[in-house]
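We did not get these values from a lab; they are worked out from the coordinates using the rules stated. What you are looking at is a predicted structure, and each value in this text was computed from that prediction instead of being measured. A quick note on method: Cβ atoms are made from the backbone with ideal geometry, for glycine too, and the neighbour counts reach across all protein chains shown.
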Amino acid sequence: MEYAENILGTIGNTPLVKMNKLVEDLPCLVLAKYETFNPGNSVKDRMALQMIEDAEADGRLKPGGTIIEGTSGNTGMGLALAAIVKGYKCIFVMADKQSKEKVDIMRAVGAEVIVCPTAVEPDDPRSYYSVSKRLGEETPNSWYVNQYDNPSNTKAHYESTGPEIWKQTDGKITHFVVGVGTGGTISGVGKYLKEQNPNIKVWGVDTYGSVFKKYHETGIFDENEIYPYVTEGIGEDILPKNVDFSVIDGFTKVTDKDACVYTQRLAKEEGMFLGNSAGSAIKGVLQLKEHFKPDDVVVVLFHDHGSRYVGKMFNDDWMREMGYIE
Ligand code: PMP
């Protein structure tokens, strides 16, 4: 018999899938690291489990404890699955721009969810950064995860996602392209790949309204770059410790409209029903066309599943209201 001991045993070892129609104009092979095959339907299961195991190991998380985190949903799902198996409670703080499906899904896996306003400064006491930090201080036997600065986030990708991509491409990968939020994925995978072959180029996909691209190019944290945007999961108005700019060769910014249009195109033209940041990621790959040569092997990572976005970019009324389609 062949089975996992519990659902956590199914995390990782996701497939690599060739992109076809959407990348017809590119000269090279483009492969998608398809993270929706994780049990929580996103890449975040990997880092959630790693953060919990590291916190257990050094006593930050104790038996029967409460896990507290500010999360847009995917990290919450990963934490909730691990919490169920391991016997912890979860309280998640979310920003009100996140899709309703994401809140409902968190509650479905037993988490308590607190929704906070998006349009306030990060240090405002109502912001989701502030509320999650305060709950961490006030709740007995609790552990505040802080995926932005928690080194176990990057470590998970250094130890699992990166080695998988290296092995699956037989060491032939030349470019890695991925959306950046906390920075855990790009930093862990990027560090591992560059240690194997320093010539591999690592590209971050950023959104308009986020600070990463400008900071990477100038070293300036420019507040004028910060404004509300629609794209979920990538871009920040802070510099998380998990973004290791030294392993990133460059960023490209994708508009909200393009992210949504390309999320639809992935579903309709590739049969890849994925989340909004996958639309950003594939549009980012297309924008980087001039950097690719015929023998290159480009790997793009798709973070999460389309089911969480059915009321948004997969809904044509919503797309029209936003002015993204005629
Ligand atoms: N896409 C989605 C849908 C996400 O939830 C996240 C995590 N915020 C990212 C991309 C970015 O990944 P990372 O936090 O590892 O940079």
Suppose we flag chymotrypsin sites (Phe, Trp or Tyr not before Pro) only when DSSP calls them loop and at most 15 other Cβ atoms lie within 10 Å. Which is the longest uninterrupted stretch of the chain?
4-220
Just report the Cα centroid separation between the range 202-257 and the range 119-133, whole Å.
20 Å
Counting DSSP beta bridges in the chain, what percent are antiparallel, to the nearest 5?
15 percent
Relative contact order (percent) for the range 212-274, with alpha-carbon contacts under 8 angstrom and 6 or more residues of separation?
33 percent
Proximal lysines to LYS172, defined as alpha-carbon separation beneath 19 angstrom and excluding residues fewer than eight positions away on the same chain:
LYS18, LYS33, LYS191, LYS194, LYS201, LYS289, LYS293
Relative contact order for the chain: what is it in percent, counting Cα pairs under 8 Å that are at least 6 residues apart?
20 percent
